[in-house]
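Any read-out appearing in this document is the output of simple, stated calculations on the displayed coordinates, not a laboratory observation. Since this is a predicted model, take the numbers as computed values, not measurements. So basically every Cβ, Gly included, is an ideal-geometry build from the backbone, and we count neighbours across all protein chains shown.
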Amino acid sequence: MNIRTLNFVLFLLAAATSLLCAAPLVVAKSQPDPADSAPSGKLYTYKESGGKPRQMEIYFPPNHDPTKAKVPGIILFHGGSWTGGSLSQFRVACAYFASRGLVCATAEYQMLTPANAKKLPSGESLKRVCVTDAKSAIRWFKQHAPELGIDPSRIITGGGSAGGHISTIATLNPGLNDPADPKDIDTSVVAYLWFNPAFALDDDKDPEIDVQHFMKPGLAPAIVFFGDQDTWKKGWDIAQTHWNALGNDTIHLQIAPGQSHSFFNHEPWQSLTLIAADRFLTKLGLLTGEPTQTAPESGKQLVPSVVKKP
């Protein structure tokens, strides 16, 4: 390489370096999870199970005075395949409904490790311990109604995915009780908020956690959210068909077009499901006024769906 060519190459390298230094560094950012910015509620321990304290976070309305107010309460259970998940999933929902005047809780529960699950007797699902703790959480919520400022006769429950299943069995199955729980407090509720509840087709292997086993007329009103691409929807469709066959006509199914499982954790669907749930509770007289949540301008909408009685 002669000296003229070498100087030209060095000039190009210097120019490229200058451009790289001058250009701003752009780092791709992942879509933020709304739960990451949601405030934590006030922490309470409602029991001990499996050698660990079980906790719930509670959110109170602004200027809430428990000595004067007796408002409806909501308790929601996170998902995570009955083996994981955290309280962060429903912090946004709890904070929102508290701002609308309700006392809202989100509760954790015992989950067996795969090693412990293998030790269970044949036919006994690892989901049982989840349900037992959910029943304890609902009872604790009702038992402490005076200090929380809630009306124990107007409790709403629900959850996402596994949490939707757990909340269902906890209110419908008269069994799976913790012997330490107060016997005079039941787990009945006046409404459900179900976010793609996971009703597994093989739950019939353990009748104690099979929703089909506990279906009957008189189901409390429920609003249910599902993506039409969710593989768990098959189990839901079977369950709703059976519920409708028993004369239950208070299930309001809302479909998110093109969405799969857990779509409700992300915008615009998080806002859209909260607005729909707000209107559902208002129709039941558990809230008043219009939703204060604003949906992002995405053009996306939930589509009401009706499963006809056979």
TODO: Pop the C-beta distance of Thr241 and Arg279 into the FRET formula with R0 = 35 Å and round what comes out to the nearest 0.05.
DONE: 0.90
TODO: May I ask which of Lys42/Lys183; Lys183/Lys233; Lys142/Lys234; Lys135/Lys233; Lys52/Lys118 have a Cα-Cα span longer than 29 Å here?
DONE: Lys183/Lys233; Lys142/Lys234
Task: Gap separating the Cα centres of segment 79-102 and segment 252-310, nearest whole Å - done: 16 Å
- [ ] Please label the shape of the chain as rounded, prolate or oblate, based on the square roots a ≥ b ≥ c of the eigenvalues of the alpha-carbon gyration tensor (a/c under 1.5 means rounded; beyond that, a/b larger than b/c means prolate, else oblate).
- [x] prolate
Task: Electrostatic dipole magnitude of the chain [Cβ: Lys, Arg +1; Asp, Glu -1; Cα centre; debye, to 20] - done: 240 debye
Open item on the list: Under the rule of at least 5 residues apart or a separate chain, name every residue whose amide H is placed under 5 Å from the amide H of Ser49.
Closed with: Arg54
Task: Helix 127-143 vs. the chain, principal-axis angle (Cα, 0 to 90°, nearest 10) - done: 70 degrees
Task: Principal-axis tilt of helix 233-245 within the chain, Cα atoms, nearest 10 degrees - done: 30 degrees
Open item on the list: At R0 = 35 Å, how high is the FRET efficiency between Lys205 and Asn63 if r is their beta carbon distance? Nearest 0.05 is fine.
Closed with: 0.10
- [ ] List every residue whose amide H lies under 5 Å from the amide H of Ile75, counting only residues 5 or more places away in sequence or on a different chain, with H placed 1.01 Å from N in the peptide plane.
- [x] Ala105, Ile156, Thr157, Gly158
Task: Reachable lysines from Lys283, criterion Cα separation under 20 angstrom, eight or more residues apart if same chain - done: Lys70
- [ ] Quick one: angle between helix 269-283 and the longest Cα principal axis of the chain, in degrees between 0 and 90, rounded to 10, please.
- [x] 30 degrees
Task: Pairwise label distance in nanometres, Ser99 with Lys118, each label 7 Å out on the Cα-Cβ vector - done: 4.7 nm
Open item on the list: Take the chain, mark every one of the trypsin sites (Lys or Arg not before Pro) that falls in a DSSP loop and has at most 12 other Cβ within 10 Å, then report the longest stretch left between them, sites excluded.
Closed with: 184-307
Task: Positive-end residue, segment 179-243 charge dipole about Cα centroid, Cβ charges, pick of Ala200, Gln240, Met215 - done: Gln240
- [ ] Considering Cα pairs under 8 angstrom that are at least six residues apart, work out the relative contact order of segment 38-305 and quote it in whole percent.
- [x] 16 percent
